[in-house]
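Right, one structure below, let's go through it.
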Amino acid sequence: MSMWLCRAGRYGEFENRFLEDGRIYCTWDNLDRPISSFSKKQELQQYFVERDSSVKTKTAMNWASQVWPFGNEMKKSEIVVLPSKIKSVDHFGRITGDYIYDETAAEPFCHYHTVDWYAVNIPRTAFDQDILYSFGAFMTICRIKQEERIKAQIKALQHVPAQSNVIEASSMITERDIELDALSDITNLIIQKAKGHGLAQIVDAILRAKGFSTFMSPPGPDKGVDILASGGVLGFGNPKICVQVKSTDAPVDRIVLDQLGGVMKNFNADYGLLVSWSGFKNSVINETAKQFFNIRLWTHKEVIHEFLNHYDQLDDEIKEMIPLKRIWVVNQMEE
């Protein structure tokens, strides 16, 4: 048996979906046929090249090496590791179902295995550095080693009954994604420095960098709105936006979305922005299309993306809180 790493999107944007659905998904875009329908890995590689002429051969080889095991090698009872991008923890599950391709599902949720998430929110500090390096591998889907040590640590922390089958060690991961490591460091620093009102400060700074005039509620009860933003001279123009920011560890439920809709009416706002660092439950996600012309949803993915895009224009206070510098690195995918 093997132990697998499976990421929930580059920014961990699908993490709550993985956990709520009790599944792991192969979240490659434009993969519109069963992985198991390819007779060999090279055929899958060629498929990626034919789907997009801009995809280079080495990139297609890399993608195929990750996608192929999801449909052809992952087995029931094997362990899967889901590193969190929302907080400094990892989740562990046991695969309970064979590979499924559901052509009726929305992308990127067509390809999946069912999973029993038997140990969630395991602190990253519980593992040795070599294990953390494995969790930071330059892959979205791959095998990892150190299975027995990882299982023993989980059992010690969570008192999970030991699995009767012995999981054999698999090949060592030698490549790591430097960009992914940096993104993880930035995410962790924001988690440490910007909990509570600090996250509202970051969102406020982003909006001002985008050209809005803002009013931010002071720390404490905010009566349903953390930030008011508007365009035009001195902020007297449009659009008028009500912003609610949630930095809790739990994903936001539908009631918060409904409350924001009421606040927008009270403030005569044109639009709303609901920010939840830990994402949203399906009850909120299912309303995305209905609320498209009224409310936008930001998770930590959008916050980090906007933060990095506008970092140079942010206040010195924010830069002191989250100090960053630009560096040049070799693009491994283009070598």
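The values are calculated or read from the model by the stated rules, or taken from the named source; none is laboratory data. None of the values given here were measured: they were computed from a predicted structure. All Cβ positions, even for glycine, are placed from backbone atoms using ideal geometry, and neighbour counts span all protein chains on display. With ligands, DNA and RNA removed, areas are computed over all heavy atoms of the protein, side chains included. Shrake-Rupley method; radii C 1.70, N 1.55, O 1.52, S 1.80 Å.
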Of a type in the set (Val, Ile, Thr) and modelled with pLDDT under 95: does that describe Val80? no
Across segment 278-298, the tally of residues that are part of a loop (DSSP other than H, G, I, E, B), hydrophobic (A, V, I, L, M, F, W, C) and either in contact (Cβ under 8 Å) with a residue 60 or more places away in the chain or touching a Phe, Trp or Tyr at 6+ places or on another chain (Cβ under 6 Å) (or both) stands at 0
The residue from Ser77, Ser39 that alone is of a type in the set (Gly, Ala, Ser), touching a residue at least 60 places away in the same chain (Cβ under 8 Å) and out of contact with any Phe, Trp or Tyr (no Cβ under 8 Å at 6 or more places or on another chain) is Ser77
Of the residues in segment 127-144 that are touching a residue at least 24 places away in the same chain (Cβ under 8 Å) and farther than 14 Å from Cys6 by Cα, the one that is surrounded by the most Cβ atoms within 10 Å (Cβ to Cβ) is Phe127
A careful count of residues in segment 86-102 that are in a loop (DSSP other than H, G, I, E, B) and open to solvent by 20 Å² or more (accessible area, probe 1.4 Å) gives 6
All conditions in (1) more than 15 Å from Glu15 (Cα to Cα); (2) acidic (Asp, Glu); (3) open to solvent by 60 Å² or more (accessible area, probe 1.4 Å) are true of Glu147 except (3)
Do we have any residue at all in segment 288-302 that's touching a helix residue (DSSP H, G or I) at 6+ places or on another chain (Cβ under 6 Å) and surrounded by 16 or more Cβ atoms within 10 Å (Cβ to Cβ)?
no
Filtering segment 268-287 down to residues that are touching a Gly at 6+ places or on another chain (Cβ under 9 Å) and either charged (D, E, K, R) or surrounded by fewer than 20 Cβ atoms within 10 Å (Cβ to Cβ) (or both) yields Ile285
Counting only helices (runs of 4 or more DSSP H) wholly inside segment 1-81, the ones holding at least 3 residues that are open to solvent by less than 10 Å² (accessible area, probe 1.4 Å) and not small (Gly, Ala, Ser) are 57-72
Over segment 119-143, the set of residues among the hydroxyl-bearing types (Ser, Thr, Tyr) and in contact with a helix residue (DSSP H, G or I) (Cβ under 8 Å, 6 or more places away or on another chain) is Thr140
